[in-house]
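One structure below.
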Amino acid sequence: MLLLSTSTLTWYGLHRVFDFAKKAGYDGLDISLGIMNFDLWDGDYILSLTKLYNIPIRSITAPSKDMSTKKFQDILTLGKKLWVHSLSFAPPHIMDKDTKWFHTLSKAQKATDIHLCVHNVESTFLFFVIPEYRNASFEKIKSVTGNASLDILAVANSSQMDIMRALAVLGSSLKNVYIADRNTVTKWILPGTWEGWLSYIPLESFLMKLKAQSYSGDISLKVTAKEIWVWDAERVLEHLKAMKAYYIKHFM
């Protein structure tokens, strides 16, 4: 299913995000939780919108920093209320004081039908030597619960692995793929040049490989608000429809 990440339409209210997704023909939403965006944590409010627009919340992506056991429980409760397919978490950040939640993911997975996924993160370092995220290798994120999500651009921005190899490593554990493109200057841009359908990283080949492997998980569009022109609603809708056509062409 093709999902729209709420992070793509930052600065729009959640009503408008649902409206854009509906008009552009997306299959559902990925709620990308932020600490200060209170609407995204309000399960009753979100549930009312899913009924109004007849669009499901297929996945929830947890904040990549400042996680805690309480936030994990809140996210799990939210996921159950919204009947999501998957919840995705980054490995613990080095500055997070409470990491107990991460070490209980395997146990929590056995108690729920929701896919509890760990997603990859870009390789970044404090003082150029200390990894910001612990337990972030592809083998590790796959092994925690047996479910994983793949952030395409986090792979593309790293020199240690390419997206085709990442797909091979994660295999059947993969439940959600966040797609975006990059060029030599800008990250998190719309996949392809979208007029010519040629991506800067091998997204087309990647999507076709997913299809060949009978992938049944989700694909979430996750680009920056600037790149989708959030200040121009007509252009936003035009871009979203173009990305739906891109998805149909290379995956469907």
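See the values below:
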item: T8, T69 arranged by Cβ crowding within 10 Å, fewest neighbours leading; result: T69, T8
item: GluC sites (Glu not before Pro) lying in DSSP loop within the range 176-252, provided at most 16 other Cβ fall within 10 Å; result: E195, E227
item: Burial ordering of M161, M67, fewest other beta-carbon atoms within 10 Å first; result: M161, M67
item: The range 4-35: chymotrypsin sites (Phe, Trp or Tyr not before Pro) falling in loop per DSSP and having at most 12 other Cβ within 10 Å; result: W11
item: Given K80/K209; K211/K241; K97/K175; K110/K209, the pairs whose alpha carbons are separated by over 24 Å; result: K80/K209; K97/K175; K110/K209
item: Dipole magnitude of the range 2-250, debye to nearest 20 (Cβ charges: Lys/Arg +1, Asp/Glu -1, about Cα centre); result: 540
item: Neighbour-count ranking [beta-carbon atoms within 10 angstrom, fewest first] of H250, H115; result: H250, H115
item: The range 7-39: trypsin sites (Lys or Arg not before Pro) in DSSP loop, at most 16 other beta carbons within 10 Å; result: none
item: FRET E, pair A245, D39, Förster distance 35 Å, beta-carbon r, rounded to 0.05; result: 0.75
item: Point-to-point label distance, K65-M208, nm (Cα→Cβ direction, 7 Å offset); result: 4.0
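Readers should treat all values here as calculations from the given coordinates under stated rules, not as data from a laboratory. Bear in mind that the values here come from a model prediction, so they are computed numbers and not experimental data. Quick reminder, even Gly has a Cβ in these numbers, built from the backbone with ideal geometry, and neighbours come from all protein chains shown.
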